[in-house]
1. Pick from Gly75, Gly63, Gly219 the residue whose mean-square fluctuation is largest in a GNM of the chain, springs joining Cα atoms under 10 Å.
2. At a probe radius of 1.4 Å, what is the per-residue accessible area of Trp147, in Å² to the nearest 10?
3. Ratio of alpha-carbon Rg to the 2.2 N^0.38 Å globular estimate for segment 118-229, to two decimals, please.
4. Work out how far the C-alpha atoms of segment 2-66 reach from end to end along every principal axis, then list the three figures in whole Å, largest first.
5. Let me have the 222 nm mean residue ellipticity of the chain computed from DSSP H runs of 4+ only, each contributing -39500 (n - 2.57), with the sum over all residues rounded to the nearest 500.
6. Could you report the chain's accessible area per residue, 1.4 Å probe, as an integer in Å²?
7. If Ser162, Ser237 are ordered by their accessible area, calculated over protein heavy atoms with a 1.4 Å probe, which sequence runs from highest to lowest?
8. Tally Lys and Arg at +1 and Asp and Glu at -1 over the other residues with C-beta under 13 Å from the C-beta of Ala59: what net charge comes out?
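The values are calculated or read from the model by the stated rules, or taken from the named source; none is laboratory data. Worth saying up front: this structure is predicted, and the values here are computed from it rather than measured. Methodologically, a virtual Cβ is constructed for each residue, glycine included, from the backbone with ideal geometry; neighbour enumeration extends over all protein chains shown. Note: areas computed on protein heavy atoms with side chains; ligands, DNA, RNA excluded. Shrake-Rupley method; radii C 1.70, N 1.55, O 1.52, S 1.80 Å.
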Amino acid sequence: MEKKRIKDIPVLHIVKQKQFSDRIPLIIFLHGFTSTKERNMHAAYLFAEKGFRVVMPEAKYHGERAKGFCEMELGFRFWEIVLTSIEELSIIKDNLAEEGLVDPTRIGVAGTSMGAITTLGALAKYDWIKAAVSLMGNPSYEQFALWQLNEMEKRNVELGISKDEISALLNQLKQYDLSLQPEKLNKRPVLFWHGKLDKVVPYHSAYHFYEQNRKSYEGTSGVFEFITDEKAGHAVSNAGVVAAANWFEKHI
């Protein structure tokens, strides 16, 4: 395990010691809202055991990049964080490729919650992602942002932004919204894992997207899958993490 910075992005770099300098497949794993990169070491270990180079970046305003915001203040910056992380994926990939440490044709991206949402948006932007895993994510950016706003209104939270600013944000999110451009999947291997009792990132939206797009994967087998945990809320089970590691082993 190496703690380093890639172009000012703090990351944890995990790889088998004997493969440290080799050109091998890469998994970029993105943590959740209010979490830190260190809290996903169990996932990184499983991926590295299977022969992957694993990089876990710190999201903006989190961990080493924290600015002292409370959870509510962070919440107002949720989409800024997501979009920044999407842009930084390319920086990380390009840097490691330039160093000759990764095979650019064998790169996977995964994440939990906010990290999974970022992963799904990245699929809409980057065709170099070979396979992805969403652990409690939502591909419908515009719909999810509207749901978040509605939840805040229910709690009488003062948003502090105008209707024009909300409209501008929604327009910006559309370019990363997979539900509006599912053709961007391009039959790439994608695994969804989601707890049915999740109240933070509602299960139904991700599952609806999966159901709507299964037909586009006709002729493929085991490439587009959804794992439902009937008893889980907003927490990934060990079985979900193992499924993610197995997915990348199979498809990358």
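1. In the Gaussian network model the winner is Gly219.
2. So the heavy atoms of Trp147 present about 80 Å² to solvent.
3. On the way: Rg = 15.1 Å, N = 112, 2.2 N^0.38 = 13.2 Å.
Dividing the Cα radius of gyration by 2.2 N^0.38 Å gives 1.15.
4. 34, 23, 15
5. Values: 8 runs with 99 residues, N = 252.
Estimated from H runs of four or more residues: -12500 deg cm²/dmol.
6. Values: 11940 Å² over 252 residues.
Averaged over the residues of the chain, the accessible area is 47 Å².
7. Working: Ser162 55, Ser237 35 Å².
Highest to lowest solvent-accessible surface, that is Ser162, Ser237.
8. On the way: positive: Lys37, Arg39, Lys60, Arg65, Lys67, Arg77; negative: Glu38, Glu58, Glu64, Glu80, Glu87, Glu88.
Here the charged neighbours net out to 0.
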